[in-house]
Amino acid sequence: MPITDPIFYLLAVPVVLLTGISKTGIPGLFGGMAVPLLALAISPTQAAAVMLPVLCVIDLFGLRAFRGVYDRRNLPIMLCGLLIGVLIGALIFGLVRQDLLRLAIGSIAIVFALNNILGWTRNRPPSQPSWPRGVFWSALSGCTSYLAHAGAAPMMAYLLPQRLDRRVYVGTTVWFFFASNYAKILPYALLGQLDTTNLATGLVLLPLIPLGVKLGVMIQGRLNDQVFYRISYWALLGIGIKLIYDGMAHL
């Protein structure tokens, strides 16, 4: 039996639509907001469990929209780091204070975003794919995604300075978070979070996914690279501020 609270659905409908837009339009634009918004009506743990199957289905639509579109140099590096990060997250789950983790990642995101928004790196050439940097940032993304649902900022910190073609950039993030979300299914199931109520609620929300994904693809296709990256850096700044706020609220 799915959740029946109408307040939940008043929040969940725009959340799912905006998540679909973010996933395939401008990655990170809505990063980290889904669970906190749903937590206004249900517990944060249940909100994360409800969103996981929704995210997994959005990822499938994203893969269809960006089939074969990803950076072939970066993705193997990032998937290697992701695997390391998820394993670390699983091992230290319950040992790390999530508020301190959010503060640390939020601080990194803000400094990195301001560095680009204010033009301090304007004359710097695009960075290149790197195994040491890529594995580090991707592992951090996998770990923080597992522990605190905050994996967007480290991934953006690695990819954005490379100034990839925007469609290649979005496609790479779609493939990366597809792997990240599906890696969470077994741990969530073992923790008992994927119960019939949460799964049924996720199924109720599924019809909204194609619309959100389609809107995201349309938005991404109409932006030039300069505008796309400007919005992306502002999105990263917003993610950082939100993480700092969440971390401070739970200290």
Contacts under 8 angstrom Cβ, first residue in segment 1-24 being part of a helix (DSSP H, G or I), partner polar (S, T, N, Q) and modelled with pLDDT under 90, 6 or more apart: T24/Q220
Complete set of residues in segment 184-205 that are hydroxyl-bearing (S, T, Y) and either farther than 17 Å from V57 by Cβ or modelled with pLDDT of 90 or more (or both): T196, T197, T201
Residue match in segment 148-168 (condition: part of a helix (DSSP H, G or I) and over 20 Å from N74 (Cα atoms)): yes
Set K214, K242: member being over 26 Å from S127 (Cβ atoms), part of a helix (DSSP H, G or I) and among the charged types (D, E, K, R): K214
From the options K214, K184, residue that is closer than 18 Å to S145 by Cβ and among the charged types (D, E, K, R): K184
Selected residue [in contact (Cβ under 8 Å) with a residue 40 or more places away in the chain, in contact with a helix residue (DSSP H, G or I) (Cβ under 7 Å, 6 or more places away or on another chain), of a type outside the set (G, A, S) and not in a loop (DSSP other than H, G, I, E, B)] from Q220, Q193: Q220
P187 vs. criteria within 26 Å of K242 (Cβ to Cβ) and more than 16 Å from the chain's Cα centre (by Cα): yes
Residue within segment 49-70 that is at pLDDT 95 or above, under 30 Å from L17 (Cβ atoms), surrounded by 13 or more Cβ atoms within 10 Å (Cβ to Cβ) and not hydrophobic (A, V, I, L, M, F, W, C) present: yes
Test: residue in segment 214-235 that is touching a Leu at 6+ places or on another chain (Cβ under 6 Å), crowded, with 18+ Cβ neighbours inside 10 Å and farther than 21 Å from D165 by Cα: no
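The values are calculated or read from the model by the stated rules, or taken from the named source; none is laboratory data. Being a predicted model, the structure only gives us computed values, none of them experimental. Don't worry about glycine lacking a Cβ; one is built from the backbone with ideal geometry, like all the others, and counts go over all protein chains shown.
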